[in-house]
Amino acid sequence: MKQCYQDAMAIVRKYGKPDLFITFTCNPRWPEIADNLAAHSTASDRPELVASVFHGKLRELIGDITVNRVFCNVLAYVYTIEFQKRGLPHAHILIILADDGKFRTAEDVDDLVCAYLPDPATNRRLHACVTSQIKNGPCGRINPQCPCMVDNSCSKDYPKPYAEETVYVSDGGYPKYRRPDHGQVVLLRNHQVGNEYVVPHNLYLLAKYDAPSMSRCALP
């Protein structure tokens, strides 16, 4: 672990601070897992199957980022894998972009990262993907008993305020993503919620991998 840490620090020292933080979690509903489970068994009963499928998906994702250049040219990347309480592997990925691909304006952010519900009338599949991956909440005043609540506030800072446009200052930290109050709502654990609970995501990667934490695609 110490050697991996030193390697990561050396990469950052040479190529600069990361531009993207992406999380990628194994989805037990992936067909490669679900279709190979015996009757009455769950993904947690087959850790070797889960790890194998996740490893293949992660390699494909890294290829999309580095070779297919979903986020433009990549100088370097580092990632670490942890296992969640249900035994599902979970990757934290840091991406360092080349100068010609770095985010300079709010428009650059909007081109690649979204934080609102797609219109189900025009793209039902994307709407279903985004809706199914809203895992946080509902919390705050409408559900103060939510596990994420600490001292009467959400530890993940949800619900987020609505915003009609993205606010981003280069080298200024996290952007404030566009979250329009356009009336789109979904039913989440018996509560109607809107864009205030949508986690930033890349639509292409979310639709392709249907992974719970592909929706956590953010600029550090």
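Go through Thr122, Thr131, Thr166 and list them by solvent-accessible area, largest first, probe radius 1.4 Å. Numbers along the way, then the final one.
Values: Thr122 115, Thr131 40, Thr166 10 Å².
Per-residue accessible area, sorted high to low, gives Thr122, Thr131, Thr166.
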Please identify the helices of the chain, taking whole runs of DSSP H, that span at least 24 Å along their own axis as judged from the Cα atoms and have a mean Kyte-Doolittle score of -0.5 or higher.
47-66
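Just from its helices, what would the mean residue ellipticity at 222 nm be for the chain, if runs of 4 or more DSSP H residues each count -39500 (n - 2.57) and the sum is divided by every residue, rounded to the nearest 500 deg cm²/dmol?
Numbers: 6 runs with 61 residues, N = 220.
Mean residue ellipticity at 222 nm (helix-derived): -8000 deg cm²/dmol.
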Give me log10 I(q)/I(0) at q = 0.33 Å⁻¹ for the range 143-186, Debye formula, one equal scatterer per alpha-carbon, no solvent.
-1.06
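Let's see if you can work this out: charge +1 on each Lys and Arg Cβ, -1 on each Asp and Glu Cβ, no other charges. What is the dipole magnitude of the range 21-82 about its Cα centre, in debye to the nearest 20?
On the way: 5 positive and 7 negative charges, 36 e Å.
Dipole magnitude for the range 21-82 comes out near 180 debye.
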Can you give the direction-averaged projected area of the convex hull of the alpha-carbon atoms in the range 104-151, in nm²?
5.5 nm²
Leaving out ligands, DNA and RNA but keeping every protein chain, what accessible area does Asp99 have, in Å² rounded to the nearest 10, with a 1.4 Å probe?
110 Å²
Cα-only Debye scattering, the range 1-120: base-10 log of I(q)/I(0) at q = 0.19, 0.21, 0.22 Å⁻¹
-1.10, -1.19, -1.23
Taking every alpha carbon pair in the range 70-181, what does the distance histogram look like in 5 angstrom bins from 0, in percent?
2, 9, 12, 16, 20, 20, 15, 5, 1, 0
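Just how large is the dipole of the range 32-176 about the Cα centre, in debye to the nearest 20, putting +1 at every Lys and Arg Cβ and -1 at every Asp and Glu Cβ? Please list the in-between numbers first.
Values: 15 positive and 19 negative charges, 105 e Å.
So the dipole magnitude of the range 32-176 works out to roughly 500 debye.
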At a 1.4 Å probe radius, which order do Lys57, Lys2, Lys176, Lys160 fall into by accessible area, largest first?
Lys2, Lys176, Lys160, Lys57
Given charges at Cβ of Lys, Arg, Asp, Glu: the chain dipole, positive-most of Gly183, Gly140, Gly63
Gly140
Could you give P(r) for the chain, binned at 5 Å from zero, as whole percent values over all Cα-Cα pairs?
1, 6, 13, 16, 18, 17, 14, 9, 4, 1, 0
Stretched out fully, how many nm does the piece from Asp157 to Asn36 gain, at 0.36 nm a residue minus the Cα gap?
39.7 nm
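The values are calculated or read from the model by the stated rules, or taken from the named source; none is laboratory data. It should be emphasised that the depicted structure is a prediction, and the values quoted were computed from it without experimental measurement. Because the Cβ atoms are built from the backbone with ideal geometry, glycine has one as well, and the counts that use them run over all protein chains shown. Side chains included, ligands, DNA and RNA excluded: accessible areas come from the protein's heavy atoms. Shrake-Rupley method; radii C 1.70, N 1.55, O 1.52, S 1.80 Å.
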